[in-house]
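Heads up: the structure comes next, in C-alpha cells.
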Amino acid sequence: MTGRSKTLLGFDYGEKHIGVAVGQTLTATASPLETVQVKNRQPDWDTISRLIETWKPDALIVGLPLNMDGTPQAMTRAAERFMRQLQGRYPLPVQPVDERLSTIEAVDRSKSAKQTVDAIAAQVILETWLALDRDKRKLDDNRNGEASVGRGDR
C-alpha cells in the first residue's frame with residue numbers, strides 16, 4: 001500500500017460482536033467506529049455494507065487471534081471464515097494481522113473512552129497493521145535508496 005493515503009477498516013471478530021475501526025495510512029492513525037452484532041454466527045452484513053459504503057476503504061484488516069506462542073486458537077478459524085466472507089462479498093483486499101494482546105490494550109483504553117471494548121480492540125488491531133505497514137515501507141525505501149546509490153557509483 002504505497003503512494004497516496006489509503007483508508008482502511010479494521011475488524012475485531014467475535015462470536016457476538018465485531019468491533020470496527022477506521023484508519024488511514026498518511027498519519028498511521030485509527031479511530032474506533034462501532035460494534036456490529038453477530039447472531040447465529042452471521043454478522044450484520046447490512047451494517048458492514050453501510051460502513052464500507054460510507055468510508056470507502058481501500059482494504060479491510062481483520063485481527064487474527066493467536067495463542068501467545070503464535071499457534072492457532074479456537075477463534076482463529078472463525079476469524080479466517082469471516083475474512084473469506086468479506087473477500088466473497090466485497091471487491092477489496094482483506095488482510096490479517098496478529099491481534100495478540102489487543103483485547104488487554106482495548107480494556108485498558110476503554111476505561112477512559114466512550115466506545116465499546118470491541119471497537120477499541122479493532123482500533124488497536126488497525127494501529128498494529130498501520131505500524132507494520134509503515135515499518136515495511138521504510139525498509140523498502142531504505143533498500144531502494146541503497147540500490148540507487150550503489151548503481152550511481154558504478
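Any read-out appearing in this document is the output of simple, stated calculations on the displayed coordinates, not a laboratory observation. Just so it is clear, the model here is predicted, and its values are computed rather than measured.
Each residue of region 92-100 is assigned a 3J(HN,Hα), and the resulting list reads 10, x, 10, 10, x, 9, 4, 10, 4 Hz, derived from the Karplus form 6.51 cos²θ - 1.76 cosθ + 1.60 (θ = phi - 60°), x at Gly and Pro.
Annotation: amide H of residue 73 within the under-5 Å range of 67, sequence separation 5 or more or interchain, hydrogens built in the peptide plane. Along region 68-75 the Karplus relation, 6.51 cos²θ - 1.76 cosθ + 1.60 evaluated at θ = phi - 60°, assigns HN-Hα couplings of 4, 8, x, 7, x, 10, 4, 7 Hz to successive residues, with x for each Gly and Pro. Once backbone amide H atoms are built at 1.01 Å from N, residue 95 has 60, 61, 62 as its partners under 5 Å, excluding neighbours fewer than 5 places away on the same chain.
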